[in-house]
Amino acid sequence: MPVYILKRVAYAVPVALAVSMICFLLVHLAPGDPLSLVLPADANQTTIDATKAKYGLDQPLPAQYFLWLTNVVSGDFGTSIATGRPVVSEIANALTYSLLLALIASVLGLVVGTLLGTVAGYWNGTAIDKIASAVAISGVSLPHYWLGIVLVVIFSVNLNWLPAMGAGESWSAERLKFMVLPAITLAAMPAGIITRSVRALVADTLGKEFVTALEARGLTQTQIFLHVVKNAAPTAIAVIGVQLGYLMAGSILVETVFSWPGTGLLLNTAILQRDIPLLQGTILVLALIFVALNLLVDIVQPMFDPRMKRG
Amino acid sequence: MSAFTAREPLLSVRDLTVGFKTDRGPITALDRISFDLGRGEVLGLIGESGSGKSVTMRALLRILPQKRTTISGSILMEGRDVLALKRRELASYRGNDVAMIFQEPSLAFDPVFTVGRQIAETVVRHKQCSWDAAYARALEMLELVRIPSAKSRLDNYPHEMSGGMRQRAMIALALACSPKLLLADEPTTALDATVQIQVILLLRELQKELGMATIFVTHDVGVAAEISDRVAVMYAGRIVEMGSAADVLKSPAHPYARGLLSSTIHGAMAGERVEAIPGMPPDLANMPSGCAFSPRCAMAMPECRNVIPAPASVGAGRSAACIRVGSVAA
Ligand SMILES: Nc1ncnc2c1ncn2[C@@H]1O[C@H](COP(=O)(O)OP(=O)(O)OP(=O)(O)O)[C@@H](O)[C@H]1O
Ligand SMILES: [Mg+2]
């Protein structure tokens, strides 16, 4: 494996540790006895003692953190107060829904954003560019819940084409119908931001002297386009990576609006019910996904621009 | 179809005029320039900054920004009208018939492709050969421009080369398809002084060896004298004097050329850049009436403000655009 990949992975480890520390401290910063937060209210003395020992609550904070970390790494996130089920299985279940929705929304946002952005950048200043920019600005500035509700009113209430909420009964093609509106809602903002960034990038790259030099060599428009894409790619990937991270965060609102049973809805429930172990676990997992996404961007970028391998 | 015979010039430029739309209004960057270039001939293009040297070169390749530029006049390359070429014909003309070396090699290479790949890409494009053959050609070219351990340099990205080596690679790229005309736009100004000399010597040697016609833009009169058969002196978008390098540089006829040469006669020996004549070149958006040089000209007469002088013959193969040219040249 190239050295730079190992380096990037090594950089991501402290970030992940810091994230875990913050999640750990959540329990201890929250008012009240951490034990009462971790355990269901009707827990008996045996459970309390067992939990106390397990979490080492009589020990100093660093030791507690280390213990908690060991548990987490081995897949034990504790038990949900609300449901009494292990947090891990709650998260795993919700994550399946969320990742699927996020994946579809990401592809949508990515494809629409890069296409619109590239077209607008190439035909900088023309009517096409203005239309693309208008679409982008709408995507960026419309609030999620508003867009979601408007889509529901149009496509579910008035036209009755698509379901307004929920995820359907089972994993089948039918479920895709439930995903259309939340995916569009979720993709709107990243699509807008990606459009704007890619447009600026492409226009900027086209203005570079080397593009004139490529023309001077007699390369075809298609060949020159490939050069432009490879030059714009690293920055575009960075923007896209961050946007997809935000998309995961944006799913909290969107999943709530559409009652989509993913991590967003789970987080929302956890907050409302003060289900601290669930909250802690969900935030940790979402934050780690964000870290992983950034790591992926860091690894992919230099494949397009060799200058980034240094440093 | 016009039959092209060997006696005709390779390149024939007539009344080439280039205008730009700018924020400050329309400007005429080139005003009716005409010149011929024979096969294998080297033309030195000199003049102060902003006189239109780069615009001339870019017009020959038609790489000026399309939306803002108007071009008129004619450019005949081997009898073909370059300004009338369709998009595809133009793409086969560029880089194949006419190639350009840019002033800043660090800006003219695509930073994210290897140098070898960029040379090979151009060769494949024009010679329709395999990539293997194109890479072999790229290697041959890097060796020709004397880049040490050329084989491993093929895989270098532009940023992995020094400035001088990058410009050598740019020369290799430009010559890879054996163009009939090479445009070198101040190919050494971005380089260190010692490297400049090496690159100039290399270019002169390659020109002798490969025999392509060359237009060489430079600020440096010494370099122009060294490398050119003929010289054209530009001022504010016009060619004010043209003739054999020996004639023009020894006894310039136009007052501007005289000023330019006398102000650099010592500098030229040391390879320095052209120094300014008192005053400033005119603002292209706000040109003086008559001769553009008249406001700075020590010999200007009232009449100079009324007419734009046309190039007139001042001896065999020489011309100058000055109404006082007879009296000045005497
Ligand atoms: N794309 C453009 N749009 C508008 N004006 C331009 C453009 N390119 C060149 N010009 C103008 O045309 C004039 C001639 O420029 P040019 O680059 O040919 O000068 P030059 O003789 O090459 O000078 P230098 O020695 O500094 O390279 C300048 O006034 C410049 O501002
Ligand atoms: Mg120039």
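A short reminder: the numbers here are calculations on the coordinates, not readings from a lab. Small disclaimer: the values here were computed from a predicted structure and weren't measured. Virtual Cβ from ideal backbone geometry, glycine too; neighbours counted across all protein chains shown.
Which helices count as membrane-span-like in chain A under these terms: full DSSP H, at least 30 Å along the axis by C-alpha, Kyte-Doolittle mean of -1.0 or more?
TM-like helix candidates: A:3-29, A:87-122, A:174-206, A:221-258, A:276-304.
For the stretch B:16-163, the gyration tensor built on C-alpha atoms gives a prolate shape. Its axis ratio a/c (a ≥ b ≥ c) is at least 1.5, and a/b is the larger of a/b and b/c. When chain B is treated as a GNM with alpha-carbon contacts under 10 Å, the residue of B:Ala174, B:Ala320, B:Ala91 showing the greatest mean-square fluctuation is B:Ala91.
Applying a threshold of 24 Å to the alpha-carbon distances of B:Lys127/B:Lys180; A:Lys230/B:Lys86; A:Lys208/B:Lys67; A:Lys130/B:Lys21 flags A:Lys230/B:Lys86 as lying beyond it.
With one equal scatterer per alpha carbon and no solvent term, the Debye-computed log10 I(q)/I(0) for chain A at 0.07, 0.08, 0.12 1/Å reads -0.37, -0.48, -0.93. Highest GNM mean-square fluctuation, chain A, Cα pairs closer than 10 Å: which of A:Val150, A:Val254, A:Val112? Of A:Val150, A:Val254, A:Val112, the most mobile in the Gaussian network model is A:Val150.
Packing here is the average count of other Cβ atoms within 10 Å per residue, and on that basis the peptides B:47-53, B:244-250, A:203-209, A:259-265, highest first, run A:259-265, B:47-53, B:244-250, A:203-209.
Can you figure out the FRET efficiency of A:Val157 with A:Leu69, using R₀ = 30 Å and their beta-carbon distance, to the nearest 0.05? According to the calculation, E is roughly 0.05. Taking amide H positions as modeled 1.01 Å from N, with prolines and chain starts lacking one, no residue 5 or more places away or on another chain lies under 5 Å from B:Glu48. In this label model, A:Tyr4 and B:Lys151 are separated by 2.6 nm, measuring between points 7 Å along each Cα→Cβ vector. Applying 1/(1 + (r/R0)^6) with r as the Cβ-Cβ distance of A:Arg274 and A:Thr126 and R0 = 60 angstrom yields a FRET efficiency of 0.65. Helices meeting the span-like rule in chain B (full DSSP H runs, Cα extent of at least 15 Å along the helix axis, mean Kyte-Doolittle score of 0.0 or higher): B:131-144, B:163-175, B:193-210.
Pair-distance distribution P(r) for the stretch A:100-214, from all Cα-Cα distances in 10 Å bins starting at 0: 15, 35, 28, 15, 6, 2 percent. Distance between the pseudo-spin-label points of A:Ser172 and A:Ser89 (7 Å out from Cα toward the beta carbon): 2.5 nm. Under the convention that each Lys and Arg Cβ holds +1 and each Asp and Glu Cβ holds -1, the size of the dipole of chain B around its Cα centre is about 720 debye.
Could you tally the net charge around A:Ile5, taking each other residue with its Cβ under 12 Å from the Cβ of A:Ile5, Lys/Arg +1 and Asp/Glu -1? With Lys, Arg at +1 and Asp, Glu at -1, the neighbours total +2.
Prolate is the label for the protein assembly as shown. Its Cα gyration tensor axes, ordered a ≥ b ≥ c, give a/c of at least 1.5 and a/b above b/c. By other beta-carbon atoms within 10 Å, ranking B:Met161, B:Met234, B:Met287 with the fewest at the front produces B:Met287, B:Met161, B:Met234. Semi-axis lengths, largest first, of the ellipsoid equivalent to chain B are 35, 22, 18 Å, with √(5λ) applied to each eigenvalue of the Cα gyration tensor. Averaged over the residues of peptide A:201-214, the number of Cβ atoms from other protein chains lying within 10 Å of each residue's Cβ is 4.
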